[in-house]
1. Checking the structure you have, find out if any residue of the range 177-195 is outside any loop (DSSP other than H, G, I, E, B) and surrounded by 22 or more Cβ atoms within 10 Å (Cβ to Cβ).
2. Considering only the range 83-122, state which residues are farther than 21 Å from THR329 by Cβ, open to solvent by 40 Å² or more (accessible area, probe 1.4 Å) and in a helix (DSSP H, G or I).
3. In this structure, is TYR157 open to solvent by 10 Å² or more (accessible area, probe 1.4 Å) and touching a helix residue (DSSP H, G or I) at 6+ places or on another chain (Cβ under 8 Å)?
4. For the range 322-412, which helices (runs of 4 or more DSSP H) that fit wholly inside it have 3 or more residues that are in contact with a strand residue (DSSP E or B) (Cβ under 6 Å, 6 or more places away or on another chain), in contact (Cβ under 8 Å) with a residue 24 or more places away in the chain and surrounded by 19 or more Cβ atoms within 10 Å (Cβ to Cβ)?
5. Just one of GLY135, GLY142 is within 24 Å of the chain's Cα centre (by Cα) and assigned to a helix (DSSP H, G or I); which is it?
6. I'm checking my understanding of the structure. Among residues of the range 145-178 that are more than 21 Å from HIS358 (Cβ to Cβ) and among the charged types (D, E, K, R), which one is farthest from the chain's Cα centre (by Cα)?
7. Just to be sure, is ARG158 of a type in the set (Lys, Arg), part of a loop (DSSP other than H, G, I, E, B) and more than 30 Å from LEU439 (Cβ to Cβ)?
8. Looking at (1) assigned to a loop (DSSP other than H, G, I, E, B); (2) within 18 Å of the chain's Cα centre (by Cα); (3) of a type outside the set (Val, Ile, Thr), find the lone condition where GLY125 falls short.
Amino acid sequence: MAAMRSVKLSGVCSQAVRQMTGMNACRLLQQRSFRVHGVRRQQTFDPTDKPQFPGASAEFIDRLEFIQPNVISGIPIYRVMDRQGQIINPSEDPQLSKETVRNFYQKMTLLNTMDRILYESQRQGRISFYMTNYGEEGTHIGSAAALEPSDLVFGQYREAGVLLYRGFPLDSFMAQCYANADDLGKGRQMPVHYGSKDLHFVTISSPLATQIPQAAGSAYALKRENLNRAVICYFGEGAASEGDAHAGFNFSATLECPLIFFCRNNGYAISTPTNEQYRGDGIAARGPGYGMMSIRVDGNDVFAVYNATKEARRRAVAENQPFLIEAMTYRIGHHSTSDDSSAYRSVDEVNYWDKQDHPISRLRHYMTERGWWGEDDERSWRKESRKMVMEAFEKAEKRHKPRPDLLFTDVYKEMTPNLTKQRDSMWKHVKQYKEHYPLEAYEK
C-alpha cells in the first residue's frame, strides 16, 4: 500500500506543477498528504486495534520477542500399559477379546519369525536384499487393527506387519522377495517392496517420502467421493525431513483430507540419530504448525497404538481432517542388509530395547497375567509359525522366475511399436548368446 500511495502522490504533484506556475503549491500538497499518511500510521498501531492480517491469528505486542524453539516442548507420550504389561488406567483399556489379543501376538511373532528366516536367506545369497521389522511390530499390528479393511495404506518399507494383519499370505511375501513367477509385481521390484490391490496397500517405492503427498491426494479423492474411507500414510522420522513431507502435510490440512500420518520414530534414519535429524521436539510438534491434530504414543505399546489410530481414524472420516501420530519406538535390527549398525550405536543400547522394552514381550506379559498364554502355547506356536514360514520359503525358492518379456508389459494398454522392437531385439540377443542366459530358470 505504501508503494501505491507514493505513486498517487507523484501523479498529483506532476499534475499540480503542470497546472500551477510555482513549486509552492506542490510542496504544500506533499506536506498535507504526508500529514494524512502520518495520521493513518498512528491509527494502524493503535493498541486497541485487532490484527486483520489474513495469514495468522494473533494479537499485537509492543515488545521485541522471538519465539523460542521449545514453545511446544515436552509433548507427552500416551501409553496404556507399562513395560510389564500392566494396564495403567483401566478407562484406557481397549477391552479387546482374548481371541483378538492372541491374534495380535501371533501376527507380531510370525512377522518376527519371517524376518529372521529372510534375513538369513539374504546373508546366504539366496535373495538380494532385506529389511527387518525387529522392535517395531507393535506399531504395525496396533495401527492395522484399528483401520477398516477398505482404508487405503501407503507404506514406506518397514510396514510388513500391516500387510500380514490384513491377510497377505506368506507365499506372497516370499514370492515378492524371491521375485518369482508368483510375485504380484512380476519380479520388477527389489525385495520388501510389497503391494496388494485387493488389500488396498499401495506398492512401496524406494525414494523417501514420495508416498506422503500421494496419500494426501488419495485422501482428497476419497473425501470428494464421500466413501467413508480413510488413508493412512506411514513414514519414519528421517523421511519427515524431506520436502515431500511438507507438501503432504500442508495439502492435507488445507484441503481437509481424511488422512492419518503415522510416523515411526525409531531413533535412526539409517545411521543418522534423531539428535542430528532435527532440533525441535520430534515430529508431533510439527502438527500444530500445519493446523493438524497431533499425538505422541508409545509405539511399543500395541494398545496405545490401537487406541490412538482408532480414534484418529474415526475423527478423520467424521470431521474431514488429517491427524498426525508419532509412535516412539526403536529399530532393533540393522537398517537393512546393506547396513552395519554396530558402526554407529552400541550393543548395550540395542540389548536394552531388545530385552527390556520390546513390544512382543510387553504383550506377552499382558496375556500371561490373564492366563491367555502360557509356555506350552509359546512352544507350540513358535514351532508352528516357523514351519509355516519355512514351507512358504521352500516353495518360493523352487518357483521359476517371471517370463523375461514381462519386462515390456503393463506400460501401455497395448504395446507400442518401439517397445515391440525392443522386445524383439532382446530375444534376438538372448538367443544368440543363450549360453550366458539360464532360460530354464524362467517361465516359458
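1. yes
2. PRO90, SER91, LYS98, GLU99, THR100, ARG102, GLU120
3. Judged against the criteria, TYR157 is not a match.
4. Here the list is empty.
5. It is GLY142.
6. ASP171
7. yes
8. Single failed check for GLY125: (2).
The values are calculated or read from the model by the stated rules, or taken from the named source; none is laboratory data. Everything numeric here is computed off the predicted structure, so don't read it as measured data. Glycine also receives a Cβ, built like all others from the backbone with ideal geometry; neighbour counts cover every protein chain displayed. SASA here: full protein model, heavy atoms, side chains in, ligands and nucleic acids out. Shrake-Rupley method; radii C 1.70, N 1.55, O 1.52, S 1.80 Å.
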